[in-house]
Protein chains: 2
Amino acid sequence: MPSVAELAGYSSRVREALRAAGASVGDRIRISKGDLVVEGILMPRPALGDRDCVVVKLDSGYNIGIRFEEGTTIELLGPGAKPAFARPPKPERKPGLPEVAFISTGGTIASRVEYRTGAVRPALEAEDLYALFPELSDIAFIRAEVLYSLLSEDMRPENWAGMAERAAYYIRNGVDGVVIAHGTDTMTYSAAALSFALRGLSVPVVFVGAQRSSDRPSSDAALNLIGAFVAASRGPFAEVVVAMHEGMGDEAIAIHRGTRVRKCHTSRRDAFRSVNAPQLARVVGMDIQMLTDDYDRRGEGELEVLARFEPRVALLKAYPGMDPGLLDWLVDEGYRGVVLEGTGLGHVGYYMLDAIRRATREGLVVCMASQCIWGRVNMNVYERGRDLLAAGVIPLGDMLPETALVKLMWVLGSLTDDPEEAKALMLKPFAHEVGPRTPISTLAP
Amino acid sequence: MPSVAELAGYSSRVREALRAAGASVGDRIRISKGDLVVEGILMPRPALGDRDCVVVKLDSGYNIGIRFEEGTTIELLGPGAKPAFARPPKPERKPGLPEVAFISTGGTIASRVEYRTGAVRPALEAEDLYALFPELSDIAFIRAEVLYSLLSEDMRPENWAGMAERAAYYIRNGVDGVVIAHGTDTMTYSAAALSFALRGLSVPVVFVGAQRSSDRPSSDAALNLIGAFVAASRGPFAEVVVAMHEGMGDEAIAIHRGTRVRKCHTSRRDAFRSVNAPQLARVVGMDIQMLTDDYDRRGEGELEVLARFEPRVALLKAYPGMDPGLLDWLVDEGYRGVVLEGTGLGHVGYYMLDAIRRATREGLVVCMASQCIWGRVNMNVYERGRDLLAAGVIPLGDMLPETALVKLMWVLGSLTDDPEEAKALMLKPFAHEVGPRTPISTLAP
């Protein structure tokens, strides 16, 4: 008999129909409404939304809401999968296995849904990881901790600092690599941040996420996680990277450089792409294939953490009719820097020029990246670019706008207070975030 | 003997060296400086920048600046190409040829560089176009006008209205199609704007640009322009589209729907891509291959121009640590709407929620698109999305953020003053700008 608490979010008519069918949350049910027939697992009602709406998890893993109306029928098909969270036994440490730190910050990766309550519990202990993904016990000895349980859209620059400090703690304690589980929304911002903050890195630091949660059959969580542990334990590079599906299939996990990667699709498993730079590597099974020779080698470097990020730095995307008052507001509020996501080769409308000149005059560092995403800003081609250079705007070459934002926060937070010095530092590569000047011979197609 | 005026921008030492070599602007010269030897056409000195820097147009079409120093030598190789701007004879109208209006708004397409002065003159008369691109005389009888001479980054919503009115003028006067030459930076914003503003369109309206100016051997101007005229004169569709190179080679010109196209590279000829929708068509030689059957047919519709765009609409791209004060400022300034370019499926940080709730409470229309660019926002999957829906944010499906901005300006400028009505209209497709709800069966990969 279903308890009242489980169905609490539903309206009284829905609760009544569910009780009549004998269906509890977690059971497999069939809802029929005219021509529509849906089968799946009955889920608890979220706090917000229509309380007449019955939430069912389909076999595809997606939740669907069916509004209960006159004539809607509900049948109980049987008990659903109701995983228990029994703690698995602590594994023996296999001799000779590399040691990898696993820092969980939130997101759907490596979480488990408890069907009876709908609650998501982070898989915090190493034993949980081994139990969920048995392959991991042959790849690495894992030291796991939950640092945050944050939606990735809620990450702020202070969280980047926290991640950098924890990664450094494990590296100083001798791990062979670090894996950081992170929601996918802002993972690339965090990866860029740690790329700058962890100076003199000696091992791989691998961000990993999942586009689909691990309780769904189509989840990319397991393969991404295994790829991340292979990269962290055996990768020959000492850089901050992102490990995610390379294609729609399960052939390979792509390893992208943290400063050169972008989430380019809202939901596809292969949403993450290296931009303006080659993908760093690929993991196929237990093999790591390096795709470029231009990377920082494992085992070099004296670790230093420079993890202060200046919060008074903004990103503004330019558009026709943009209000220069947005930039004036930043200046009035005491902002220290701004990245403009300009059009084309790095332009903004004439009506922005006065505000930009005022901003640079008042000591803000104003940088230019391109909303085209691919390619490089070149502010010497057209008159407007030259106007902007004359106004003191710093052209960021082929740096991604998101990476540029993080770098400017880092330069002004960790390296210098002086705008002129900051401008020079924005042009200097620290973590492969910008390519060298494209040779003249390759400018023409 | 070179005149003083031509070399006026250069420093006295550069002028002296050029006079000693007998070189005028427009001549072919060789500059040697240590190991560096550069040959090309001597260009005039732009107003800004290092006056010791000699500007040379390379055979690739790119300008390069060589700083004149102790030991730098300049030789005159011969006179450069110095095109005259003699007016070609007025062509006879060939019987049976479709009539196409050509509206020039600026940009590098269909401009000619006068080497002696470095000035760019728009090719304004139909005769100039026929002279530059003789193929055009077999494609269409052209009625040409210069509406603007604007850098595309300087286009504002009032210019979209101007373009819509002029296009409508020609359509009402019986042309078979319209070609609008436009700089590439903001061409897709303008194309989206006319897609909304020209209701009941009966002929194609084709935006065309060039990534490389027509005085460079690698220019894409000629082929893009010919493709645009083929599409405008013979295309079976009655939509606003963009005609640009489909690939790096010269095989085909892509025809993209104006609401579904994005400039995805700063400089490549194939920078323009259809996003979240199939490319509409392809022009190969004089043939038009339709790539989808889902388009508005030529010859239908009663033209109506709705071309008011509300300027108090903004686009804000979300990022970690974003300042909610940016949104508060828009509310304080009396803005009517804002498009948020959220992360992932359409999210922003928790610290933005109060400002968003205040904005919707004060009557702003707040819409959500995704900075992923590809895919569609889905605010029912995660808690934050549901919070935002509860706060009154309108999810824009797979609409491009740039198109969303233009549409919101249009809805609030041309259709309604009422926020609730505007919200409903943002969800209604007007120009194929948003796809239908993806069927459940195709949500899983």
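The values are calculated or read from the model by the stated rules, or taken from the named source; none is laboratory data. Computed from a predicted structure; not experimentally measured. So basically every Cβ, Gly included, is an ideal-geometry build from the backbone, and we count neighbours across all protein chains shown.
Quick notes on this structure:
- Within the set A:304, A:341, the sole residue that is within 12 Å of another protein chain (Cβ to nearest Cβ) and either touching a residue at least 12 places away in the same chain (Cβ under 8 Å) or within 21 Å of residue B:371 (Cβ to Cβ) (or both) turns out to be A:341.
- Close pairs (7 angstrom Cβ cut-off, 6 or more residues apart or separate chains): within 20 Å of residue B:374 (Cα to Cα) and assigned by TED's automatic domain parsing to the domain that holds residue B:343 in segment B:387-415, in a helix (DSSP H, G or I) and among the aromatic types (Phe, Trp, Tyr) anywhere: B:402/B:189; B:406/B:189; B:406/B:196; B:407/B:196
- Segments classed as strands (runs of 3 or more DSSP E), wholly inside segment A:44-158, with at least 2 members that are at pLDDT 90 or above: A:73-78, A:99-104, A:141-146
- Qualifying residue in segment B:185-203 (condition: assigned to a loop (DSSP other than H, G, I, E, B), within 14 Å of chain A (Cβ to nearest Cβ) and not hydrophobic (A, V, I, L, M, F, W, C)): yes
- Residues of segment B:411-437 classified as within 14 Å of chain A (Cβ to nearest Cβ) and out of contact with any Asp or Glu (no Cβ under 8 Å at 6 or more places or on another chain), total: 1
- Residues that are of a type outside the set (Val, Ile, Thr) and in contact with a Gly (Cβ under 6 Å, 6 or more places away or on another chain) within segment A:236-289 comprise A:243, A:265, A:267, A:270, listed in sequence order.
- Flag for residue A:349 being surrounded by 19 or more Cβ atoms within 10 Å (Cβ to Cβ), closer than 22 Å to residue B:373 by Cα and facing another protein chain (nearest Cβ under 8 Å): no
- Within segment B:365-411, the set of residues being under 24 Å from residue A:189 (Cα atoms) and part of a helix (DSSP H, G or I) comprises B:383, B:384, B:385, B:386, B:387, B:388, B:401, B:402.
- Looking across segment A:307-320, just one residue is within 7 Å of chain B (Cβ to nearest Cβ) and surrounded by fewer than 19 Cβ atoms within 10 Å (Cβ to Cβ), and that is A:311.
- Within segment A:239-280, the residues that satisfy the criterion of being within 24 Å of residue B:382 (Cα to Cα) and assigned to a strand (DSSP E or B) are A:242, A:243, A:244, A:245, A:261, A:262, A:263, A:272, A:273.
- Top-ranked residue in segment A:369-385 [being charged (D, E, K, R) and facing chain B (nearest Cβ under 7 Å); ranked as surrounded by the most Cβ atoms within 10 Å (Cβ to Cβ)]: A:384
- Breaking point among (1) away from every other protein chain (no Cβ under 14 Å); (2) more than 26 Å from the chain's Cα centre (by Cα); (3) among the acidic types (Asp, Glu); (4) over 16 Å from residue A:240 (Cα atoms), for residue A:323: (1)
- Hey, residue A:319 in contact with a Leu (Cβ under 9 Å, 6 or more places away or on another chain), more than 29 Å from residue A:165 (Cβ to Cβ), not in a strand (DSSP E or B) and not small (Gly, Ala, Ser) or not: yes
- Breaking point among (1) more than 14 Å from chain B (Cβ to nearest Cβ); (2) at pLDDT below 80; (3) touching a Phe, Trp or Tyr at 6+ places or on another chain (Cβ under 9 Å), for residue A:1: (3)
- Of all the criteria given as (1) modelled with pLDDT under 80; (2) at the interface with chain B (Cβ under 10 Å from one of its Cβ atoms), the one not satisfied by residue A:38 is (1).
- Test result for residue B:366, more than 8 Å from every other protein chain (Cβ to nearest Cβ), buried (at least 21 other Cβ atoms within 10 Å of the Cβ), out of contact with any Asp or Glu (no Cβ under 9 Å at 6 or more places or on another chain) and over 30 Å from residue B:175 (Cα atoms): yes
- Screening residue B:429 against (1) surrounded by 15 or more Cβ atoms within 10 Å (Cβ to Cβ); (2) in a loop (DSSP other than H, G, I, E, B); (3) not acidic (Asp, Glu) leaves a single unmet condition, (1).
- For the criterion of being in contact (Cβ under 8 Å) with a residue 24 or more places away in the chain, out of contact with any strand residue (DSSP E or B) (no Cβ under 8 Å at 6 or more places or on another chain) and farther than 30 Å from residue A:159 by Cβ, residue B:320 fails.
- Residue A:269 vs. criteria touching a residue at least 24 places away in the same chain (Cβ under 8 Å), within 14 Å of another protein chain (Cβ to nearest Cβ), farther than 23 Å from residue A:226 by Cβ and among the basic types (Lys, Arg): no
- Inter-residue pairs, beta-carbon under 7 Å, first among the polar types (S, T, N, Q) and in segment B:16-33, second in a loop (DSSP other than H, G, I, E, B) and modelled with pLDDT under 90, 6+ apart: B:24/B:2
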